[in-house]
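What follows is one structure encoded as structure tokens, with my remarks underneath.
The values are calculated or read from the model by the stated rules, or taken from the named source; none is laboratory data. Being a predicted model, the structure only gives us computed values, none of them experimental. As a convention, Cβ positions derive from the backbone with ideal geometry for all residues, glycine included, and neighbour counts pool all protein chains shown. Side chains included, ligands, DNA and RNA excluded: accessible areas come from the protein's heavy atoms. Shrake-Rupley method; radii C 1.70, N 1.55, O 1.52, S 1.80 Å.
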Amino acid sequence: MAVEFIDIVETSLAGIGTGSLMALTGVAFVIIYKATKVINLAIGEMLMIGAFVFYGFSAGLALPIWASVPLTLVVAALIGGLIERTMIRPLLKDNPVSVFMVTIGLTSVLIGVVELVWSAEPRRLPEFLPSQPVLLGDAFIPSKTAYSFVIAAAAMAVLITVFAFWRGGIALRATATDRAAASSVGIDVPGVFSFSWMLAAVVAALAGILVGSVGGISSAMGLFGLSVFVVVIVGGLDSILGALIAGLFIGWLEAMVGRFMGGEFKLLATFTILLVVLVVRPYGLFGTHEIERL
Amino acid sequence: MATTGDLILEVNNIEVVYAKAIQALRGLSLAVPKGKIVALLGSNGAGKSTVLKAVSALLPMENGLVTEGRISFDGETVEQSAPHKLVRRGLFHVMEGRRIFGDLTVEENLTAATYALTGRSGITPDFDIVYRYFPRLAERRKSIAGYLSGGEQQMLAIGRALVAKPRVILLDEPSLGLAPLLVEEIFGIIARINAEEGVSMLLVEQNASVALSIAHYGYIMETGRIVIDGPTEKLVADRDVQEFYLGLAHKSYRDIKHYKRRKRWLS
């Protein structure tokens with residue numbers, strides 16, 4: 001079977017589209033890790049609850065899209081703040097492993113909340129992205145993939161610019177490196193914690209809205225987080241740029257392997273990459289290699 | 001010594017307990033007059049660093065608690081809740097072991113310290129003052145701080161304090177792990193900062209002779225309390241201080257029994 005060039009291009013574009021959503025979710029993960037050194041296993045579920053809140057506003061209350069999106073992001077910020085305040089901050093002084101375990105529990109809590117409110121049934125989000133397919137040369141891209149890519153790319157561009165030029169980015173990294181030293185130079189450490197969880201929840205919710213609009217929503221959509229972990233480990237846990245590049249790459253790879261080798265090879269390919277990266281660069285492609293003076 | 005109005009920092013009879021079990025300070029008092037350098041000396045484990053952490057409210061981060069007594073900075077009581085607010089009021093703690101942000105650059109480390117200026121109007125961040133006192137940091141402003149030499153890291157730690165424009169700097173063992181020549185250089189700069197910027201300092205040191213060479217007043221601690229204090233000239237002249245802290249032996253080492261002499265203030 002000859003592989004047609006146009007087929008490769010179309011599959012690549014679709015894969016990069018999915019990859020951009022993984023990258024965006026990866027960025028949410030990285031924001032939390034960068035500031036608090038917490039590995040947040042519930043990032044997929046934070047994405048899910050964002051998608052459901054959006055569903056609640058846009059379908060449940062039938063609000064227009066221009067109102068639903070900002071409202072969802074505000075609610076997501078509040079949820080993120082609430083999680084930090086009630087579950088993470090009390091454990092600040094404890095072993096990182098216990099915080100890690102709490103985030104595992106958090107996944108169940110968030111799934112439970114969603115199923116209590118909206119039941120476990122899969123749902124569709126109202127159509128809000130233009131449905132006109134996008135043609136790039138001869139290549140055909142499904143409209144939702146194309147538009148969600150554009151939105152995700154814009155969001156990441158904003159985040160990267162902000163973190164490059166705003167000293168808050170430095171405060172996040174300083175807090176992650178050494179909390180006591182960060183407060184000794186006047187950084188409000190609990191404030192940084194709250195802020196990073198709120199921002200990450202907002203970014204995850206935005207990704208949730210996009211993921212949901214492409215493939216529908218269900219209480220199991222948090223599984224999307226699994227690919228995101230691969231993305232952030234490959235890119236480096238504390239690198240926004242790493243999440244971006246690894247996200248696009250893994251998305252592309254999954255699509256290509258799925259199209260030309262069969263869906264069952266998708267995970268094989270992803271996790272092979274993960275293994276190789278872990279062996280060659282355990283801190284990820286762009287992660288910080290901790291500096292130790294002996 | 002001075003009256004309360006001239007004191008920038010006053011520690012009154014504090015007791016500190018770690019993990020609700022270990023008593024680290026017992027009824028400790030000291031005072032730092034405005035514009036002066038006060039040295040707090042003592043051997044390992046005497047509780048010197050604990051005093052500084054109590055003053056800068058960093059104790060709760062290490063599970064420590066001030067159970068008794070009162071600490072006041074510029075006439076106001078220091079609460080043990082929010083260390084960053086204290087820094088913003090002008091009390092800067094240069095922690096033991098330098099504690100620079102290793103994966104940030106020199107300049108980013110200084111930028112992080114600009115958070116200390118939050119809420120103080122009319123002050124713009126000034127990195128030139130840091131580079132003026134420590135020209136070596138200027139050459140390395142774009143380097144990753146974790147790769148600096150130990151001396152440069154200590155300079156950066158003090159540099160962060162300069163950015164914060166504090167009224168008091170608490171310095172914890174600035175000589176730690178540095179070569180003697182470098183120690184002299186850094187202490188020379190500390191003395192200059194005190195004289196030129198008018199910043200008061202509370203200096204904790206194990207290296208008593210170098211600390212007393214720049215301090216105006218000194219306290220000596222043992223096991224959680226002050227045992228001797230006085231103006232530097234008086235301390236330097238004290239026979240016990242000379243013998244136990246400055247290492248000046250008056251007798252020959254042949255007379256080895258000499259080491260068994262008790263520190264008489266402990267009895």
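Would you work out if segment B:160-220 is rounded, prolate or oblate? Take a ≥ b ≥ c from the square roots of the eigenvalues of the alpha-carbon gyration tensor; rounded if a/c is under 1.5, else prolate when a/b is larger than b/c, oblate otherwise.
On the way: a/c = 1.67, a/b = 1.34, b/c = 1.25.
It is prolate, given that a/c is not under 1.5 and a/b is the larger ratio.
Once you order the gyration tensor axes a ≥ b ≥ c over the Cα atoms, which shape class does the protein assembly as shown get: rounded for a/c under 1.5, otherwise prolate or oblate by comparing a/b with b/c?
Since a/c reaches 1.5 and a/b is larger than b/c, the shape of the protein assembly as shown is classed as prolate.
I want to check the label-to-label distance for A:Ser131 and A:Leu226. Put each point 7 Å from Cα in the C-beta direction and report it in nm to one decimal.
The modelled label-to-label distance comes out at 3.2 nm.
Roughly what would the spin-label model give for A:His289 and A:Glu115, points 7 Å off Cα along C-beta, in nm?
4.5
List the residues of segment B:61-80 whose accessible area drops by at least 30 Å² when all protein chains are present, compared with their chain alone, using a 1.4 Å probe and counting only protein heavy atoms.
Those residues are B:Met61.
If I model a spin label at B:Gln206 and A:Ala180 as a point 7 Å from the Cα along the Cα→Cβ vector, what separation in nanometres do I get?
With each label placed 7 Å out from Cα toward Cβ, I get 1.6 nm.
How well do other chains shield peptide B:112-122, expressed as the mean number of their Cβ atoms within 10 Å of each residue Cβ?
That average works out to 4.
Above 23 angstrom, tally the Cα pairs of segment A:5-280 and express them as a % of all pairs, no decimals.
In whole percent, the share of Cα-Cα pairs in segment A:5-280 beyond 23 Å is 53.
Could you pull the Rg and Dmax for chain B, using just the Cα atoms, both in Å?
18.8, 64
Using a Förster radius of 35 Å, what is the FRET efficiency between A:Ala153 and B:Ile129 based on their Cβ-Cβ separation? Nearest 0.05, please.
0.25
Starting at the first residue of segment B:115-129, write each ³J(HN,Hα) from the Karplus equation 6.51 cos²θ - 1.76 cosθ + 1.60 with θ = phi - 60°, in whole Hz, x for Gly and Pro.
Here the 3J(HN,Hα) series is 4, 5, 8, 3, x, 9, 6, x, 10, 9, x, 10, 7, 4, 4 Hz.
Roughly to the nearest percent, how much of the accessible area of chain A is carbon and sulfur, given a 1.4 Å probe?
71
Counting only helical runs of four or more DSSP H residues, what would the 222 nm mean residue ellipticity of chain A come to if each run contributes -39,500 (n - 2.57) and the total is spread over all its residues?
Computed mean residue ellipticity for chain A: -23500 deg cm²/dmol.
Pulled fully out, how much extra length does the chain show between A:Asp7 and A:Val280, if you take 0.36 nm times their separation in residues and subtract their Cα-Cα distance?
This chain segment gains 95.0 nm when fully extended.
Which loop trypsin sites (Lys or Arg not before Pro) in segment A:86-160, with loop taken from DSSP, have no more than 14 other Cβ atoms within 10 angstrom of their Cβ?
When the trypsin sites (Lys or Arg not before Pro) of segment A:86-160 are filtered for loop state and at most 14 Cβ neighbours within 10 Å, A:Lys93, A:Arg124 remain.
Give the B-A buried accessible area in Å², both sides summed, 1.4 Å probe, nearest 100.
In total, this chain pair buries about 2400 Å².
Only helical DSSP H runs with n ≥ 4 go in: add -39500 (n - 2.57) per run for chain B, normalise by residue count and round the 222 nm mean residue ellipticity to 500 deg cm²/dmol.
Working: 10 runs with 85 residues, N = 267.
It lands at -9000 deg cm²/dmol.
Nearest 10 degrees is fine. How inclined is helix A:189-215 to the longest principal axis of chain A, computing both from alpha carbons?
Value to nearest ten degrees: 10.
Could you tell me whether segment A:1-119 comes out rounded, prolate or oblate from its Cα gyration tensor? Rule is a ≥ b ≥ c as square roots of the eigenvalues, rounded for a/c under 1.5, then prolate if a/b exceeds b/c, otherwise oblate.
The shape class here is oblate.
On a full-extension model of 0.36 nm per residue, what is the gain between B:Asn44 and B:Glu233, subtracting their alpha-carbon distance, rounded to one decimal in nm?
65.6 nm
Tell me the relative contact order for segment A:5-280 as a rounded percent, counting alpha carbon contacts under 8 Å between residues six or more apart.
Over segment A:5-280, the number comes to 41 percent.
May I ask you to evaluate 6.51 cos²θ - 1.76 cosθ + 1.60, the Karplus curve with θ = phi - 60°, for each residue of segment A:98-112 and list the ³J(HN,Hα) values in order in whole Hz, giving x for glycine and proline?
Each residue of segment A:98-112 in turn: 5, 5, 4, 5, 4, 5, 5, x, 4, 4, 5, 4, 5, 4, x Hz.
Can you give the angle from 0 to 90° between the axis of helix A:224-235 and the longest principal axis of chain A, with both taken from C-alpha atoms, to the nearest 10?
70
Can you tally the net charge around A:Thr175? Count Lys and Arg as +1, Asp and Glu as -1, for every other residue whose Cβ sits under 10 Å from the Cβ of A:Thr175.
+2
What fraction of the DSSP beta bridges in the protein assembly as shown is antiparallel, stated in percent and rounded to the nearest 5?
If we restrict to bridges inside the protein assembly as shown, about 60 percent are antiparallel.
Taking amide H positions as placed in the peptide plane 1.01 Å from N, state which residues far from B:Ile226 in sequence (5 or more) or on other chains have amide H under 5 Å from it.
Long-range HN contacts for B:Ile226: B:Ser29.
Work out the FRET efficiency for B:Ile22 and A:Lys37 from their Cβ-Cβ distance, taking R0 = 30 Å, and round it to the nearest 0.05.
Given R0 = 30 Å and the Cβ-Cβ separation, E is 0.65.
Could you pull out every residue, at least 5 positions away or on a different chain, whose amide H is within less than 5 Å of the one on B:Leu9? Hs are placed 1.01 Å off N in the peptide plane, and Pro or chain starts have none.
B:Val32, B:Asp74
Taking θ as phi - 60°, what are the ³J(HN,Hα) couplings along segment A:34-50 by the Karplus curve (6.51, -1.76, 1.60), each to the nearest whole Hz, with x for Gly and Pro?
Per residue, the Karplus-derived 3J(HN,Hα) values read 4, 8, 10, 6, 9, 8, 8, 6, 8, 4, x, 6, 5, 4, 5, 5, x Hz.
Before I look further, what does segment A:5-280 give for accessible area per residue, probe 1.4 Å, in whole square angstrom?
I get 41 Å² per residue for this part.
Which entries in the list A:Lys34/A:Lys93; A:Lys34/B:Lys36; A:Lys34/A:Lys144; A:Lys93/A:Lys266; A:Lys34/B:Lys20 go over 29 Å, if you measure between the two C-alpha atoms of each?
Going by Cα-Cα distance, A:Lys34/B:Lys36; A:Lys34/A:Lys144; A:Lys93/A:Lys266; A:Lys34/B:Lys20 fall outside the 29 Å limit.
Search the structure for amide H atoms under 5 Å from the amide H of A:Leu285, placed 1.01 Å from N in the peptide plane, and list their residues when 5 or more places away or on another chain.
Residues meeting the criterion, in which the H sits 1.01 Å from N, are A:Gly235, A:Gly236.
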